[in-house]
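The values are calculated or read from the model by the stated rules, or taken from the named source; none is laboratory data. The structure displayed is predicted, hence computed values, not measured ones. FYI the Cβ positions are ideal-geometry reconstructions off the backbone, even for glycines, and counts take in every protein chain you see.
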Amino acid sequence: MATTAAARAQARLAYGLVAPATCLLLLIYVLPIAVVIAMSFTDYTLVSDYYEFVGFENYSKMLEEEAFRNALWNTFIYAAFLMPLAFGLGLVIAIAIQERQQFRSILEVLYFLPVTATLTAMALVWAALMDSRQGVLNGTLELVGIPGLNWLGSEGLVLFSLAIISLWALVGFNMVLFLAGLTAIPKSLYDAAAVDGADGAVDKFLRVTWPMLGPTAMFVAVTNSITAFKIFDTVAVLTQGGPNRASEVYLYLAYLEGFEYFNMGYSAALSLVFLVIIFAFALLQALVIDRKVHY
Amino acid sequence: MADIPSTAAAPALPFSLWRKRMWFHAGTAALFLGGWIMVFPFVWLVSSSLKPTDEVFDADFSLIPRTFAGWENYTKVLFEQPYLIFLMNSFIVCAGILVVQLLTAVPAAYALAKLKFRGSTILFGAVLAGITIPINVTSIPIYVGIVRVGLLDTYVAMMFPFFISVFAIFLFRQFFKTFPDSIIQAARVDGFTEIEIILRLIVPSAVPAIAAFSVFSFVAHWNDLYWPLIVVTSQDKMTATLSMLQYQSAFDNDYGGAFAAATVITAPMVVAFLFARRLFIRGITMTGVKG
Amino acid sequence: MAELTLTDIRKSFGETDVLKGISLHIADGEFVSLVGQSGCGKSTLLRIIAGLDAPDAGEIRIDGAAVTELPPKMRNIAMVFQDYALYPHMSVAENLAMPLIMARLSLGARLPLMRFVSPKHKAARPGILADVERVARQLRIDHLLDRRPAQLSGGQRQRVALGRALVRDPKLFLMDEPLSNLDAKLRVQVRKDIAELHATSGLTFVYVTHDQTEAMTMSNRVALMQGGAFLQVGTPNALYTQPEKLDVARFIGSPEINVLPGEITDGRVHLAGRALDLSASAMGPVQIGLRPEALAVADAPGLIFPAELDREHLTELPFKKRLLEDLGPEIVLHGHFAQYPEVDIRIRAQKSSRFRHDGPLMNRVDLHVLIDPDTLLVFDATGARLATTTLNRQIEGVA
């Protein structure tokens, strides 16, 4: 009887400990998700309290509407440009730093600094650097005889310019993750590879580094896709989706629909689609993390 | 690995070795060039914040200001404009969020890790599911709720969606799991109450994880633009990050002042990073997802 | 088949001199162990022989050809690492094939996916597979070829590491503490396997270990290292019976050698105030080393009296027993001589069939221990061994 009494006391204590977290979890996650789902089937706007259930109209609207396709496409182009570069550069820089341990601290600081910085403020700097008439970037280009570009002002270029800013802010982040992965590779594997004949840069990379880095690489790739898909800040500060909606990315569209046009129902539907995509990435990540360890 | 050059200058190096060393040094040079590109925006920012407006976009750019206007720019930003209030708002919001997050997450994580109770599996499942849900998804109902209770444009509204960090619960639970049961049992035998066990054994052992999470949380909310943009409507509650947006939209052609403001806003996180490099790197890369 | 010559190898890391001018010749087919405590430089020396580290000065020759500047792959060596360094992402077969792929295929032909495309890769493949299977059978791991290293036991991993070293016919076999990750029982087994491998292959082996038993049991010669230099190089027997320094005598042999203070006066070695039948030319205080088996307990029923002890020359000293350890065929007695209460003494003796656990030896504390001057090792104050001659008591008696 004593054990059940003790178990009951432990359970009582546990409920006390989880009570605040559980209440907040209900208020901040469970209830809002339920409301978002419900709202996505209505034409609710904040402006009037009157609303109707409209079934799947919000979702079918998405398929028809040009703005939705445009936003999805913009996000995709931006990510397709950003992700390979952030991945490749992060990896190359990490390998190069790993071979130069004497400079590791200083290089780590230099490359990681943009990750900590407030992107909203630094975006102003980038806008100035990318200024089409007086910016340093075009100044440098013209110095070597290349005509200046209208980085943030041209429809064809604006997504790439935003990707360059994100690249600047993301490379150091990937580098740190790759460095952690590299440090975990036993040194004796490289010795064994050298004795076996794999002592060139290509062989070392293909036979040891890359396979040993596989789990880290997948982790970086998946989390980068989530990061890329969530682009919002630089668009909000620098372009507001312009010029001519050329940089209207997914979250910015959802923000506009919800908080500028107050099409809450439609915006809720957009949010849910966003969640499904993020969930898919997270699932991929969970599957990858599961088969992570060799030994 | 064997190609790290030794300091001893060996005469008549074989050509292959010599070539290897040249590549090595070229790589080092390239790394530092890249590093310079990474910090250049910061250098440019500080430099421009010290210049008078007409010099910022001068045709022949120089890092050293020809006319030093740093004093005017910074006094204006700090004393004539409300940037100190913006910084203060950011700080209050970040600190408030962090305190509530820790107060709710640590006990819940301990219960999930070490105590048996019915519903723990469901709760933990909800926590795991919550990790993947960003604020962008739940923002509409939370905003509507805040409007309904009339809390728009208050500190509470700015902090509320972040009062619980499911990530913190998950992280701390994993950490507490590794804490040996035998020590907890020994403490119970020694007469510790459960609260004492948490405060005097568990929390001190989790200091590294708590510190890393604190950095993560603070940096994330300091740099957040999305939520303040939605719930802040007045100058009084404007955060540092949000003020940058205002600057951009109403560019008043005071470039020197604008960049002095940007410097003031960027500085706290950058300086803190330089002082606690390891902790920052660990904290910020903890989730894998940046921003 | 190879001989290895090291000439004045020097290496320092920053301020620390790790190797202080090492010279050694290893003959074709020889098994040489580098032994010493951690930090003595033995692993660094092995890595320099392998080409994984470059020496600051000195020369390495394999079969007469200077290889000092050559990378590891061009030295035709094989190496077994302490943690085996198996590639965790490759199967056993792939691990074994790795050195062959590297040696037999060009960079272009061994790039990923080239095995489906490159004719050279296709042509080399059967030969590589055949060699892998041959070595796997030889080491009795042919049933494990599809497994990953993580799925293998410690002993199996160890054999895969041996196989990877063996597969491409190296001239020189280098091993860095290969037994240290195995449990005691397996260690004895693998020790035997390695000794057999050496005997059947006829290859030259250089073996690094901190365990003197491993070195003594497997080697033709043992090179004992301390502080980046050799203390003594010789056969296991020479190191045991003719150590040149007290440190050598202390390192080799288990239980450890007993060391007592003594003195040389009038050309005779004195221990505990007694003149031993041992003469030496030096003068002054000395350190006297007594192997645990060179001491015999007088009048001890149940113990075999060592046959080689010469009863004529023995000196008897009173001994206080503290502890008796029964090791099965033999016992180890712990205690001290009455004259040297502060020096712990270990005595090893063979049990006879009359040994009883309730026998008289168990209960007695006061014993008499016999010392044969012939088996003594005498060292001067600096630890260098002194030459001694056993006196012939009968002749002395006549004189």
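The table for this structure:
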{"quantity": "Residue tally, condition of a type in the set (Gly, Ala, Ser), in a helix (DSSP H, G or I) and surrounded by fewer than 24 Cβ atoms within 10 Å (Cβ to Cβ), over region B:103-122", "calculated": "2"}
{"quantity": "Residues satisfying the stated conditions in region B:108-119, i.e. small (Gly, Ala, Ser) and within 31 Å of the chain's Cα centre (by Cα)", "calculated": "B:108, B:109, B:111, B:113"}
{"quantity": "Candidates B:202, B:265, filtered to the one that is over 30 Å from residue A:120 (Cβ atoms), within 12 Å of chain A (Cβ to nearest Cβ), surrounded by 21 or more Cβ atoms within 10 Å (Cβ to Cβ) and touching a residue at least 40 places away in the same chain (Cβ under 8 Å)", "calculated": "B:202"}
{"quantity": "Unmet requirement for residue A:139, which otherwise passes all of (1) farther than 22 Å from residue B:264 by Cα; (2) touching a residue at least 12 places away in the same chain (Cβ under 8 Å); (3) assigned to a helix (DSSP H, G or I)", "calculated": "(2)"}
{"quantity": "Of all residues making up region C:327-371, the number that are touching a strand residue (DSSP E or B) at 6+ places or on another chain (Cβ under 8 Å) and outside any loop (DSSP other than H, G, I, E, B)", "calculated": "23"}
{"quantity": "Extreme residue, farthest from the other protein chains (Cβ to nearest Cβ), among residues of region A:32-47 that are aliphatic (A, V, I, L, M) and farther than 23 Å from residue A:230 by Cα", "calculated": "A:47"}
{"quantity": "Among residues of region B:180-199, those that are farther than 21 Å from residue B:102 by Cβ and either in contact with an Asp or Glu (Cβ under 7 Å, 6 or more places away or on another chain) or surrounded by 12 or more Cβ atoms within 10 Å (Cβ to Cβ) (or both), counted", "calculated": "5"}
{"quantity": "Sole residue being at pLDDT below 90, within 11 Å of chain A (Cβ to nearest Cβ) and closer than 25 Å to residue B:157 by Cα, chosen from B:255, B:247, B:226", "calculated": "B:247"}
{"quantity": "Identity of the residue in region C:70-100, within 14 Å of residue C:168 (Cα to Cα) and at the interface with another protein chain (Cβ under 8 Å from one of its Cβ atoms), that ends up surrounded by the most Cβ atoms within 10 Å (Cβ to Cβ)", "calculated": "C:79"}
{"quantity": "From the options C:200, C:204, residue that is among the β-branched types (Val, Ile, Thr) and loosely packed, with under 15 Cβ neighbours inside 10 Å", "calculated": "C:200"}
{"quantity": "Single residue of A:143, A:157, A:137 found to be of a type outside the set (Phe, Trp, Tyr) and in contact with a helix residue (DSSP H, G or I) (Cβ under 6 Å, 6 or more places away or on another chain)", "calculated": "A:137"}
{"quantity": "Test: residue in region A:21-34 that is under 24 Å from residue B:196 (Cβ atoms) and surrounded by 14 or more Cβ atoms within 10 Å (Cβ to Cβ)", "calculated": "yes"}
{"quantity": "Identity of the residue in region A:236-280, assigned to a loop (DSSP other than H, G, I, E, B) and of a type in the set (A, V, I, L, M), that ends up nearest to the other protein chains (Cβ to nearest Cβ)", "calculated": "A:249"}
{"quantity": "Unmet criterion (only one of (1) assigned to a helix (DSSP H, G or I); (2) within 11 Å of chain B (Cβ to nearest Cβ)) for residue A:131", "calculated": "(1)"}
{"quantity": "Every pair of residues 6+ apart whose Cβ atoms lie under 9 Å, when the first sits in region A:108-128 and is surrounded by fewer than 24 Cβ atoms within 10 Å (Cβ to Cβ) while the second is basic (Lys, Arg) and assigned to a helix (DSSP H, G or I)", "calculated": "A:108/B:277; A:109/B:277; A:112/B:277"}
{"quantity": "Residues of region B:130-159 that turn out to be in contact (Cβ under 8 Å) with a residue 12 or more places away in the chain, assigned to a helix (DSSP H, G or I) and either more than 7 Å from every other protein chain (Cβ to nearest Cβ) or more than 26 Å from residue B:205 (Cβ to Cβ) (or both), as a count", "calculated": "12"}
{"quantity": "One residue from C:140, C:147 being under 31 Å from the mean Cα position of the chain (by Cα) and of a type in the set (Lys, Arg)", "calculated": "C:140"}
{"quantity": "Selection from region C:56-69 of residues that are facing another protein chain (nearest Cβ under 10 Å) and either of a type in the set (Ser, Thr, Tyr) or touching a strand residue (DSSP E or B) at 6+ places or on another chain (Cβ under 7 Å) (or both)", "calculated": "C:56, C:57"}
{"quantity": "Residue check, residue B:70 more than 30 Å from residue A:199 (Cα to Cα), out of contact with any Asp or Glu (no Cβ under 9 Å at 6 or more places or on another chain), more than 8 Å from chain A (Cβ to nearest Cβ) and at pLDDT 90 or above", "calculated": "no"}
{"quantity": "Number of the condition not met by residue C:219 [criteria: (1) surrounded by fewer than 20 Cβ atoms within 10 Å (Cβ to Cβ); (2) over 22 Å from residue A:192 (Cα atoms); (3) in contact with a strand residue (DSSP E or B) (Cβ under 9 Å, 6 or more places away or on another chain)]", "calculated": "(1)"}
{"quantity": "Single residue of B:33, B:17 found to be more than 8 Å from chain A (Cβ to nearest Cβ) and at pLDDT 90 or above", "calculated": "B:33"}
{"quantity": "Qualifying positions in region A:152-186 - over 16 Å from residue A:94 (Cβ atoms) and either part of a loop (DSSP other than H, G, I, E, B) or within 14 Å of chain C (Cβ to nearest Cβ) (or both)", "calculated": "A:152, A:153, A:154, A:155, A:156, A:157, A:186"}
{"quantity": "Test: residue in region C:162-184 that is on the phi > 0 side of the Ramachandran plot and crowded, with 16+ Cβ neighbours inside 10 Å", "calculated": "yes"}
{"quantity": "Count of residues meeting criterion [of a type in the set (Val, Ile, Thr), crowded, with 22+ Cβ neighbours inside 10 Å and either more than 13 Å from every other protein chain (Cβ to nearest Cβ) or free of Cβ contacts under 8 Å to residues at least 60 places away in the same chain (or both)] in region B:165-179", "calculated": "1"}
